[in-house]
1. Whole number in Å², please: accessible area per residue of segment 6-134, 1.4 Å probe, ligands, DNA and RNA not counted.
2. Starting from 0.36 nm per residue, how many nanometres of slack lie between residue 57 and residue 85 once their C-alpha separation is accounted for?
3. Using the heavy atoms of the protein chains and a 1.4 angstrom probe, tell me the accessible area per residue for segment 144-209 in square angstrom.
4. Would you report the distance distribution of C-alpha pairs in the chain as whole percents per 10 angstrom bin, up to the bin with the largest distance?
5. How high is the relative contact order of segment 53-146, in percent, with contacts defined as C-alpha pairs under 8 Å that are six or more residues apart?
6. Tally the DSSP beta bridges in the chain and give the antiparallel ones as a percent, rounded to 5.
7. With an 8 Å cut-off on Cα pairs and a minimum separation of 6 or more residues, tell me the relative contact order of segment 1-90 in percent.
8. For the chain, which whole-number percentage of the solvent-accessible area (1.4 Å probe, protein heavy atoms only) is attributable to carbon and sulfur atoms?
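The values are calculated or read from the model by the stated rules, or taken from the named source; none is laboratory data. Quick caveat: nothing in here was measured; it's all calculated off a predicted structure. These area figures cover heavy atoms from the full protein model, side chains too; ligands, DNA and RNA do not enter into them. Shrake-Rupley method; radii C 1.70, N 1.55, O 1.52, S 1.80 Å.
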Amino acid sequence: MKKYSHIIWDWNGTLLDDVDRCVGVINRMLSSRGLKVFANIAEYHEVFSFPVIDYYEKIGFDFEKEPFEELAVEYISLYHSQSCKLHKNARTVLREIQRKGIPQIILSASEINNLKSQLADTDITDCFDEILGISDIYAGSKTDIGLDFMKRSKVKKAILIGDTEHDYQTARTLGTDCVLIANGHQSRGRLSKLGVPVLTDIIEVLDYL
């Protein structure tokens, strides 16, 4: 673990086990509009992407009938009507890294207040030196807030741990190493094409570091 001065975590799908919740919410929205729903998580894995506005368009929402902004409000309202749990072993990994004294940061495309609210339902907030989320609910790119963090912090060598292609792209822009975990929002097949290590479970992070 000594080779990294900072560890940057994605939140949704990486630490928070919310894939089932996300599929349930989006299927509810699709079904209510007579659109094709995801038959299973494997189908969702092959389609989900950032920015979310492109993903919404790809799965059939018509922005001429309903603006993306209104759909996003509906999604967030449904999503936050129930809480989600952390991935199994996430707490163990975070505590071990904290014990080693390595700063940990959350970098998320979630709106910052929603992100902090979800964290408040856990007992891991003290594991993080910073919690970084975006200023709106539209789940665009988190790259800018990541770049700002890198510029103002004394980051010698960081690694970004996530579960999507967007995490990989963010890591490249930030100039950090990257490792991905294939039990979140995208499939191992998609992640394996990116040329970075792909783990099966978050507990493997400790061996990798």
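1. Values: 6180 Å² over 129 residues.
It amounts to 48 Å² per residue over segment 6-134.
2. On the way: separation 28, 0.36 × 28 = 10.08 nm, distance 2.86 nm.
Taking residue 57 through residue 85 to full extension adds about 7.2 nm, to one decimal.
3. On the way: 3100 Å² over 66 residues.
Averaged over the residues of segment 144-209, the accessible area is 47 Å².
4. Here the calculated profile for the chain is 8, 36, 38, 15, 3, 0.
5. On the way: 78 pairs, mean separation 28.6, N = 94.
That works out to 30 percent.
6. Details: 2 of 20 bridges.
The antiparallel fraction comes to roughly 10 percent.
7. Working: 49 pairs, mean separation 35.9, N = 90.
Value for segment 1-90: 40 percent.
8. Working: 4840 of 10110 Å².
That fraction is 48 percent.
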